[in-house]
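None of the figures in this text is laboratory data; all of them are computed from the coordinates on show. Owing to the predicted nature of the structure, the values given are computational and were not obtained by experimental measurement. Every residue, glycine as well, gets a Cβ built from its backbone with ideal geometry; the counts of neighbours run over all protein chains shown.
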């Protein structure tokens, strides 16, 4: 997770990257927790950790798509 104290303006490429980094960090935590659940045979915990891992990954991927769109001038220009 980001521990920076500086202000990043909403909607800027830096804000997208900061959010992606935070989601990847959370995904890493869920992967580690999932490894523990798998090793201990806790299938319910494993299921929960896997679903959270997928959710954090989806959030990061969606934001990456937004970042790419932003860098290429917005959705209107990409569709044209």
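Some points to look at:
- Remark: 32, 18 ranked as 32, 18, counting other beta-carbon atoms within 10 Å and listing the fewest first.
- Centre-to-centre, using Cα atoms only, segment 11-38 and segment 42-56 are separated by 14 Å.
- Against the rule of thumb 2.2 N^0.38 Å, how large the Cα Rg of segment 13-79 comes out: 1.43
- Gain in span if fully extended, residue 21 to residue 7, counting 0.36 nm per residue against the direct Cα distance: 3.5 nm
- With the simple spin-label model, which puts each label point 7 Å out from Cα in the Cβ direction, the residue 70 to residue 29 separation comes to 2.3 nm.
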